[in-house]
Amino acid sequence: MGLPTEITATRFNQREFQIQRKNHFEITFDTAMVNSGLSFLVTSFALPKESTDTFKANFWNDSVNLPGKTNFETSQLVIKDAINYDSEKQFLAWRLRVYNPKTGKVGYAEDFKCNAVVKEFSPSGDIVRQWDLIGCWPSAVEYGDLTYEDAGEKQITITITYDKGYRHDIDDFAPSATA
């Protein structure tokens, strides 16, 4: 018995089966929190991770599981540290709006939260997916490691916390209110 024609190798030569590549993306923040040059320095970014708590509703001798509160996990943004662009300074300025270790003061959310857009591209450069991240801010920054052992690039890892993250075209999948 042979393989079904739906999964043969020749199917991957068709446009509809083009594989999305992990390195065809960019992230931009919608305010002056971080300079627009960041897009060229990004090494990796974790797309949204969400989970919904569950609770049991008891009725007579049975129980059913129902959805509770939905939570969004943080995402790691890893960037290359550029000297003249000073990636470290770009994120330090944003991080200081959240918390200043010298003064111990915490900022107002309106001064450090912003929205971000993650775009995924086809091999030809067309936008194929877009993710909207609402209420982003840097909850942690790791400024990287220094070593005499190699001359590799210095990287900065920023933990981005956000209120919500979803595909821009989410309404295309949502059930109709009239259904």
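Some points to look at:
- Restricted to the stretch 106-153, and to residues there that are assigned to a loop (DSSP other than H, G, I, E, B) and under 21 Å from the mean Cα position of the chain (by Cα), the residue that is nearest to residue 87 (Cα to Cα) is 143.
For (1) open to solvent by 70 Å² or more (accessible area, probe 1.4 Å); (2) closer than 25 Å to residue 35 by Cα, each residue gets a yes or a no:
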site: 69; (1), (2): yes, no
site: 78; (1), (2): no, yes
site: 105; (1), (2): yes, yes
site: 109; (1), (2): no, yes
site: 112; (1), (2): no, yes
site: 120; (1), (2): no, yes
site: 129; (1), (2): yes, yes
site: 142; (1), (2): yes, yes
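- In this structure, residue 29 does not qualify as at pLDDT 75 or above, in contact with a Leu (Cβ under 7 Å, 6 or more places away or on another chain) and under 15 Å from residue 159 (Cα atoms).
- In the stretch 32-47, residue surrounded by the most Cβ atoms within 10 Å (Cβ to Cβ) [restricted to those that are touching a residue at least 40 places away in the same chain (Cβ under 8 Å) and out of contact with any Leu (no Cβ under 7 Å at 6 or more places or on another chain)]: 34
The values are calculated or read from the model by the stated rules, or taken from the named source; none is laboratory data. Note that the structure is predicted; figures quoted are calculated from it, not measured. Quick reminder, even Gly has a Cβ in these numbers, built from the backbone with ideal geometry, and neighbours come from all protein chains shown. Quick note on the areas: whole protein, heavy atoms, side chains included, nothing else; ligands and nucleic acids left out. Shrake-Rupley method; radii C 1.70, N 1.55, O 1.52, S 1.80 Å.
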